[in-house]
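Okay, so here's the structure we're looking at.
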Amino acid sequence: MSEINLSDIHKSFGKVEVIPGVSFSVERGEFVSLLGPSGCGKTTLLRIVAGLETVSSGRVDIAGTDVTHLPPEKRDIAMMFQSYALLPHLSVAENVRFPLRMRGIGSRDEQNERVKTALDTVQLSHLGDRRARQLSGGQQQRVALARAIVSRPKVLLLDEPLSNLDARLREDMQVELIEIHKNLGLTTLFVTHDQEEALSLSDRIILIKGGRIEQEGTPAHIYAQPSTSFASQFLGSANMLSAVVEDTGSGPMAVLGDGQRLPLALDEAARGAVSLALRQEDLVLSDASDADNGAGLKAKVRARVYLGARNRYVLELAGASLRILTGNDQLFARGDDVSLTIAPERIRVLAP
Amino acid sequence: MTDRLENMALVMPGLLLLGLAFILPVLQMLVLSVSGPDGFTLEHFTRFLSDSYYLGILWRTVRLSALITLITALIGFPLAYIMAKSGPRLRLWLTLIVILPLMTSVVIRTFGWIVLLGRSGMIPSMLRDLGLVGRSFSIIQTESAIVIGMVQVLLPFMTLSVLGVVMSIDGRLEEAARTMGCSFMKTIRTVVLPLSLPGIVAGGLLVFTLSASSFVTPSLLGGSRIQVLAGSIYNAVTQTLEWEFAAAQAVILFVGVALVLVPYLSVTGRRNG
C-alpha cells in the first residue's frame with residue numbers, strides 16, 4: 001500500500017498555476033526523490049504533503065487517510081528544512097525533544113531515552129546541552145535529522161537538507177541518510193536539484209519540470225534511458241546535438257548539421273529530424289588522424305579545464321559546443337583538431 | 001593620535017550638551033534633594049517615606065505603570081505579529097496607523113479622551129443607555145481613565161519594539177514547529193513568544209519608564225485626587241514651592257523605577273543571554 005498518495009494536485013499562487021495537475025505515490029519504506037531545477041514546483045509539492053501549502057484542487061493521502069484539509073500538526077510527518085530551522089532559544093536536546101513534547105509522546109523518562117537514542121544515531125549525544133546556534137552547519141544538520149526521526153513519523157520529508165553543506169560533509173550525510181532510512185524503514189520524500197544526490201540516494205526518482213512530472217523511474221533506468229532531452233540534460237548533463245536520421249545500407253545513420261555522419265544502433269527506429277543525447281563520459285577523444293581515416297567525428301578543442309583526476313574539454317562540433325570528460329592519458333590544447341567517437345548503443349535518440 | 005584628537009573633537013559638542021543640559025541639572029537636583037536650611041539633611045526623604053499619602057502616590061505610580069506595560073504588551077504583541085505577517089503595503093498602512101497618535105500633541109489626545117470618557121461623554125452615556133452600568137457610573141478621574149489614556153499614548157512604543165524583533169524571526173521556525181505537532185496558538189506560545197521576548201523587554205522598558213514619569217495624561221484624566229508621582233513633583237515645584245522636596249521625590253522616582261527595572265532586566269537578560 002502506498003504511504004503517500006497525491007492525486008491530481010493543482011496549485012495556483014494568485015493567477016499563476018505552479019502545479020498543473022500532478023499525481024504520484026510513494027510506497028511504504030521507499031525513498032523517492034523529487035528532482036528538478038529551482039522553481040519547478042518540487043518544493044511546493046513537498047510542502048503540500050507537509051500541509052504547509054493548501055491545494056487548489058486534488059487529494060493528498062498519507063497512510064491511507066485523506067489529509068488534504070488537515071493542518072500540518074495533524075499529519076504524521078516530520079520535515080527537515082534546508083535552513084535546518086532549529087529553535088534558537090532551546091538547547092540541542094530540547095530541540096530534539098520538541099516534537100515529542102508537542103505531540104505528547106511518552107513520559108518524561110521515555111522522551112529522555114528517545115532523545116538520547118536519536119542523538120546517538122547522529123553521533124551528537126555529547127552536545128545535548130549546547131545551544132543550536134553554537135554548532136557548526138554540519139552539526140546543526142545532524143540535530144535537525146535527529147529531531148526529524150525522534151518521533152518515528154510515518155513519513156519523512158526532506159527539503160534539500162544537504163545543499164548548505166560542503167562537499168565532504170554532504171557525502172558523509174548521504175551515507176548516513178541511507179542507513180537511517182533503511183534501519184528505521186521510513187517512507188522518505190526527498191526534494192533536491194542535485195542529480196548526483198538523487199541518483200545515489202533514491203529508490204525512485206521523479207523528475208519535475210514546470211510543475212509536471214517529466215519522467216519517473218529507478219535511478220539506473222532514468223539515467224540510462226532518459227525519455228526527453230530535458231531528462232537527459234538534467235541527469236548527467238548530456239550534450240544535445242540536432243541531426244537527421246537516414247537509412248543506409250549498413251543501418252541507420254545520423255547526419256549532423258555539417259554533413260558528418262554518425263552510425264546509430266541497428267535497432268534504432270526513429271527517422272527524420274531528431275536530437276542526439278551524448279553523455280560526457282561516453283564520448284572518447286582521440287587524435288585527429290582517426291577522424292581522417294573515417295573513424296569518428298572531426299571536432300575542434302575550444303577549451304580544456306583541468307580537474308585533477310580528469311579533464312573537461314569543451315569542443316566545437318557542427319556549430320554546437322560539446323562538453324566531455326576524459327582521463328589524463330592524452331592531452332589536447334585549445335585549437336587542436338581532434339576525433340570524437342562514441343559507441344552507437346550509447347547514443348540516445350530523442351524527439352527534437 | 002591625530003585620529004583620536006579628531007574623534008574627541010567630533011564627540012565634544014554632544015558631550016558638552018549632555019553635560020550642561022542633563023548631567024549638571026541632575027547633579028544639582030541630587031544636591032538639592034539633600035539640602036536644608038542647615039546644610040545636609042535627609043528630612044525630605046523621611047517626610048516622603050513616612051507619609052502614607054506620598055507612599056500611596058509612589059505605589060500607585062509603580063502599580064499603574066506596571067499595568068499599562070502589561071496591557072500594551074497584551075495588545076502590542078498580537079498587533080506586531082499581524083503587522084509582521086502582512087504584506088509590505090498593508091504593513092505600511094498599519095505602521096502609519098500605529099504611529100499616527102504620536103503625531104498629535106499629547107494634550108490634544110488627552111482632551112479627546114476627556115470628551116469620550118467624561119461624565120456626559122460618549123462612552124459612559126452609551127454604557128448607561130445600554131443599562132450595563134448604574135446612573136452614577138464614571139470613568140473620568142479614575143485610575144481606569146489614566147490607564148486607558150496612557151495605553152493609547154504608549155502603545156506605539158511597544159508595538160514598534162516588538163515588530164522589529166518579530167520581523168527578524170525566521171518564518172521557517174514556525175513552519176517547522178507546525179510540522180512537529182504545534183497548532184497555530186501553540187506555535188505562537190512555544191516559538192514566536194520566546195523569540196520575541198527581547199522586543200517585549202525593550203518595549204516594556206520604554207513603556208514603563210515613560211508611564212512612570214508621565215505627567216500630562218495622568219493629571220488630566222485622573223484629576224487632582226488621583227495623583228501620580230510626576231504630578232506630585234509638579235505640585236511641589238509650582239504650588240507649594242518646595243523645591244528640595246520636589247527634588248527628593250524625583251530621586252525617589254528614579255530609584256523606584258531602577259528598583260523595578262534592574263531585576264526585570266537581569267531576569268530577562270539571563271534568559272536571552
Task: In degrees, nearest ten, helix A:108-121 long axis to first principal axis of chain A (Cα) - done: 20
TODO: Mind grabbing the accessible area of residue A:79 for me, 1.4 Å probe, Å², rounded to tens?
DONE: 10
Open item on the list: Averaging the inverse of every distinct alpha carbon separation and then flipping it gives the Kirkwood radius. What is it for segment B:58-272, in angstrom units?
Closed with: 19.2
Open item on the list: Given a 1.4 angstrom probe, I'd like the percentage of the accessible area of segment A:1-160 that is carbon and sulfur, rounded to a whole number.
Closed with: 45
TODO: Any chance you could check segment B:159-181 for residues losing 20 Å² or more of accessible area when the partner protein chains are in, compared with the chain on its own (1.4 Å probe)?
DONE: B:172, B:173, B:175, B:176, B:178, B:179, B:180, B:181
Open item on the list: I need to check one value: relative contact order of segment B:58-272, counting alpha carbon pairs closer than 8 Å and at least 6 residues apart, in percent.
Closed with: 28
- [ ] Would you check the accessible area of residue A:193, probe 1.4 Å, heavy atoms only, in square angstrom rounded to 10?
- [x] 90
- [ ] Relative to the longest principal axis of the C-alpha atoms of chain A, give the angle of the C-alpha long axis of helix A:92-103, reported between 0 and 90° and rounded to the nearest 10°.
- [x] 70
Task: Neighbourhood charge, 12 Å Cβ-Cβ cut-off, centred on residue A:41 and excluding it, Lys, Arg +1 and Asp, Glu -1 - done: +2
Task: Accessible surface buried once B binds A (1.4 Å probe; total of both sides; Å²) - done: 1700
Task: Restricting segment A:238-289 to trypsin sites (Lys or Arg not before Pro) in coil, as DSSP defines it, with at most 13 other Cβ within 10 Å - done: A:271
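In segment B:130-239, which trypsin sites (Lys or Arg not before Pro) fall in coil by DSSP and have 13 or fewer other Cβ atoms within 10 Å?
B:135, B:225
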Task: Per residue accessible area in Å² of chain A, where ligands, DNA and RNA are left out and the probe is 1.4 Å - done: 44
Task: chain B: DSSP helices with Cα axial extent of at least 20 Å and average Kyte-Doolittle hydropathy no lower than -0.5 - done: B:2-18, B:52-85, B:143-167, B:193-212, B:243-272
Task: Per DSSP, loop trypsin sites (Lys or Arg not before Pro) in segment A:84-131 with at most 16 further Cβ within 10 Å - done: A:130
Task: Dipole in debye (nearest 20) - the protein assembly as shown, about Cα centre, beta carbon charges: Lys, Arg +1; Asp, Glu -1 - done: 2180
Task: Sequence-distant lysines (8 or more away, or on other chains) whose Cα lies within less than 28 Å of residue B:85 - done: A:11, A:15, A:42, A:74, B:186
Open item on the list: On C-alpha positions alone, give me the angle between the axis of helix A:167-184 and the longest principal axis of chain A, in degrees, nearest 10.
Closed with: 60
TODO: Please state the charge dipole magnitude for segment B:58-272, taken about the Cα centre, from unit charges on C-beta atoms (+1 on K and R, -1 on D and E), reported in debye and rounded to the nearest 20.
DONE: 540
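The values are calculated or read from the model by the stated rules, or taken from the named source; none is laboratory data. These numbers were taken from a predicted model, which means no experiment stands behind them. Every residue, glycine as well, gets a Cβ built from its backbone with ideal geometry; the counts of neighbours run over all protein chains shown. Note: areas computed on protein heavy atoms with side chains; ligands, DNA, RNA excluded. Shrake-Rupley method; radii C 1.70, N 1.55, O 1.52, S 1.80 Å.
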